[in-house]
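S.K.: One structure follows; several queries about it will come next.
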C-alpha cells in the first residue's frame, strides 16, 4: 500500500438532477436520478459534517438546479454550520428577489450564475427554455446583496463569437469573477459534440480577446478561460488528479471521483448512506482505481508531466481510446492522438475558408457555422 | 494596477476567514489560502478602516526585528496577490 491520500478540498454536491433547463451540453449523466432517490436534508447535513472533518473547505452546490430543492436554505445553513464555504451554481431559476435575500441570509458565500450566451435567442436555443431574460433580472437583484458573484458562460461554437457581449454583461454587473468555460465533451455534450466544438480560428480569436481583457480588468474582475482540451497540446489535470482533491456526491448519495466516472465500465461506487465519507475517500475501489501512478501506461508512466496533469482525464481516455487507463488522447504524446486530430480536421478543413472569414470578423460565417444542428436535449427526471 | 498607500483595503464580498484543522484560512471563490503569522496579521487589517500605510506601520512595529523596507515590500506583494485574486476591494483615497 502507498501512503494515505491527501485530504479532499472540495465537495461537489449534486443536490438533484431536476432542472428547468435542458442544456445540450449538460454535465449530468445520460441516466438521470429520480427525485424519490434523493438524499434528505439530514443525510446531506451529515455528509457536510463528515466532509469538514476530513479537511474539505468548500461545498459546491450544483445539480440539476439546486434551487428546485425546497430545503435549499436548510442545506446552506447546514453546510455553513459544518464550517464549509458555500458555493451555489445555479441557472437563477426558480428564484425571486425575496428568495435570493433568504439564500444570502442563510450564509451563501458565492453565487455562480450560469449563462448560455449573451443573446437571448442563442441562449434559449441551447437551454431549451426561455431563461435568459430572467437571468438578467437576477443579475440586477444581485447588486443589492453582499455575496461573491461569478458569471459562468459555457462556451461553444455557436456562442464563442459573443465573448465581447458576454464580457460587457459581466462588467455591468456586480460580478468579481467571470468564467468562460468551453464545453467539456462528456455525456450530453459528447452526444452533441459535432455541433458544439469551435473552429480553430474561433478559438485563436477568443484567446487573444480574453488575454487583453484579463490585463485590462486585473483587480476588478478575475477572468478564467477554459479552452476545449481537444485543441490543447497537453491534457488538463482532470479534477486535480483522480481522488486527490475533489469528491462528488450524486443526488442519491453515490460518491464519485468525478462527474463522468459512471461512463467507465466495471466501476462501482459506494454510497454515503452505507459508509462514512473518510472510509470512502481512503479505501473505496472507485477512489483507489486511478489514484497515484501505479495504473499508468506509457507514455505517462515515464513522462515528466505525470505529476502535473496526472495522465489527463480517465473518462476521456475511455470515450476516445476505449481504455480508461490509456494516456488521455488529447495529449500530443498519446498514441491515440490521431483520433482527436481526425475530429478536428473534419471540422476545420471542411470549414477553412469560412473559418478564415470569421477570424477577420463580421463576414458571413461558413456552412458549418450556419447549419442548424439537430440537438439532443437533456430531459427532466421524474 | 498599483496599490495606493492611502487606500483602505477590505475583503471583497464572499471572501472571509475560516478555520480548518486548527489552521486559519482565507476562503474565497474557488480558492483557499492558508494563513501564517504575518499573512494573518495583514488579512485581519483588511477591514476597510486601516490604510495600506497603517497596515505597514503596524506590522513594522509587530515585526520590529525585521528590516522595515522588507516588511513593506512583503505586505505590498501580498496585497497585490490578493488583489489579483480579486479578494480585496479598495476604498478610495480620502473616503
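Any read-out appearing in this document is the output of simple, stated calculations on the displayed coordinates, not a laboratory observation. Being a predicted model, the structure only gives us computed values, none of them experimental. Every residue, glycine as well, gets a Cβ built from its backbone with ideal geometry; the counts of neighbours run over all protein chains shown.
S.K.: On the basis of being at negative phi and touching a helix residue (DSSP H, G or I) at 6+ places or on another chain (Cβ under 8 Å), does residue B:68 make the cut? So that I can check it myself, show each step before the final result.
M.R.: Working: at negative phi: yes; touching a helix residue (DSSP H, G or I) at 6+ places or on another chain (Cβ under 8 Å): yes.
So residue B:68 passes the test.
S.K.: Being in a helix (DSSP H, G or I) and either more than 22 Å from the chain's Cα centre (by Cα) or within 14 Å of chain B (Cβ to nearest Cβ) (or both) is the filter; apply it to segment A:210-225 and report the residue that is surrounded by the most Cβ atoms within 10 Å (Cβ to Cβ). Give the steps one after another, and end with the answer.
M.R.: Taking segment A:210-225 first, the residues in a helix (DSSP H, G or I) are A:210-216.
Now narrow it down to the ones that are either more than 22 Å from the chain's Cα centre (by Cα) or within 14 Å of chain B (Cβ to nearest Cβ) (or both): A:212-216.
On the way: A:212: 10, A:213: 20, A:214: 14, A:215: 9, A:216: 12.
Of everything passing the filter in segment A:210-225, A:213 is surrounded by the most Cβ atoms within 10 Å (Cβ to Cβ).
S.K.: Then there's this: Hey, which of the helices (runs of 4 or more DSSP H) in segment A:227-341, taking only ones fully inside, have at least 3 residues that are under 30 Å from residue A:15 (Cα atoms)? Break it down stepwise before answering.
M.R.: On the way: elements: A:277-283, A:285-288, A:306-309, A:314-321.
Fully inside segment A:227-341 and qualifying: A:277-283, A:285-288, A:314-321.
S.K.: For segment B:1-12, which residues satisfy the criterion of being over 12 Å from the mean Cα position of the chain (by Cα), within 11 Å of chain A (Cβ to nearest Cβ) and touching a residue at least 24 places away in the same chain (Cβ under 8 Å)?
M.R.: Matches in segment B:1-12: B:1 only.
S.K.: Now a separate question. So, residue A:94, is that one buried (at least 18 other Cβ atoms within 10 Å of the Cβ), closer than 30 Å to residue A:128 by Cα and more than 14 Å from every other protein chain (Cβ to nearest Cβ) or not? Break it down stepwise before answering.
M.R.: Values: buried (at least 18 other Cβ atoms within 10 Å of the Cβ): no; closer than 30 Å to residue A:128 by Cα: yes; more than 14 Å from every other protein chain (Cβ to nearest Cβ): yes.
Spelling it out, it is not the case that residue A:94 is buried (at least 18 other Cβ atoms within 10 Å of the Cβ), closer than 30 Å to residue A:128 by Cα and more than 14 Å from every other protein chain (Cβ to nearest Cβ).
S.K.: Could I ask something else about it? Look through segment B:13-41, keep the residues that are surrounded by 16 or more Cβ atoms within 10 Å (Cβ to Cβ) and assigned to a loop (DSSP other than H, G, I, E, B), and return whichever of them is farthest from the other protein chains (Cβ to nearest Cβ).
M.R.: Of everything passing the filter in segment B:13-41, B:35 is farthest from the other protein chains (Cβ to nearest Cβ).
S.K.: Return the residue satisfying two criteria in turn: it lies in segment B:73-88 and is in contact (Cβ under 8 Å) with a residue 12 or more places away in the chain and surrounded by fewer than 19 Cβ atoms within 10 Å (Cβ to Cβ), and of such residues it is farthest from residue B:11 (Cα to Cα). So that I can check it myself, show each step before the final result.
M.R.: Initial filter on segment B:73-88 (in contact (Cβ under 8 Å) with a residue 12 or more places away in the chain): B:74-76, B:78-80, B:82-83, B:85-88.
Subsequent filtering for residues that are surrounded by fewer than 19 Cβ atoms within 10 Å (Cβ to Cβ) retains B:74, B:76, B:78, B:80.
Details: B:74: 18, B:76: 15, B:78: 13, B:80: 13 Å.
Only one residue tops the list, namely B:74.
S.K.: Quickly run through segment A:240-256 and pick out the residues that are under 18 Å from the mean Cα position of the chain (by Cα) and either free of Cβ contacts under 8 Å to residues at least 40 places away in the same chain or within 14 Å of another protein chain (Cβ to nearest Cβ) (or both). Before the answer, list the steps.
M.R.: First, the residues of segment A:240-256 that are under 18 Å from the mean Cα position of the chain (by Cα): A:240-251, A:255-256.
Across segment A:240-256, the qualifying residues are A:240, A:245, A:246, A:255, A:256.
S.K.: Please verify whether residue A:132 is in contact (Cβ under 8 Å) with a residue 60 or more places away in the chain, surrounded by 15 or more Cβ atoms within 10 Å (Cβ to Cβ) and touching a strand residue (DSSP E or B) at 6+ places or on another chain (Cβ under 8 Å), treating the condition exactly as stated.
M.R.: Numbers: in contact (Cβ under 8 Å) with a residue 60 or more places away in the chain: no; surrounded by 15 or more Cβ atoms within 10 Å (Cβ to Cβ): yes; touching a strand residue (DSSP E or B) at 6+ places or on another chain (Cβ under 8 Å): yes.
No; evaluated as a whole, the condition is false for this residue.
S.K.: May I pose another question? Please specify each residue of segment A:51-76 satisfying the condition of being in a helix (DSSP H, G or I), over 15 Å from residue A:106 (Cα atoms) and within 14 Å of another protein chain (Cβ to nearest Cβ). Before the answer, list the steps.
M.R.: In the first step, residues of segment A:51-76 are kept if they are in a helix (DSSP H, G or I); the result is A:51-53, A:66-68, A:72-76.
Narrowing the set further to residues that are over 15 Å from residue A:106 (Cα atoms) leaves A:51-53, A:68.
Answer for segment A:51-76, where residues must be in a helix (DSSP H, G or I), over 15 Å from residue A:106 (Cα atoms) and within 14 Å of another protein chain (Cβ to nearest Cβ): A:51, A:52, A:53.
S.K.: Any chance you could count how many residues in segment B:56-67 are part of a helix (DSSP H, G or I) and either within 14 Å of chain A (Cβ to nearest Cβ) or in contact (Cβ under 8 Å) with a residue 24 or more places away in the chain (or both)? I'd like the intermediate steps shown before the answer.
M.R.: The initial filter retains those residues of segment B:56-67 that are part of a helix (DSSP H, G or I), namely B:56-62.
Cutting the leftovers down to either within 14 Å of chain A (Cβ to nearest Cβ) or in contact (Cβ under 8 Å) with a residue 24 or more places away in the chain (or both) gives us B:56.
Total meeting the criteria: 1.
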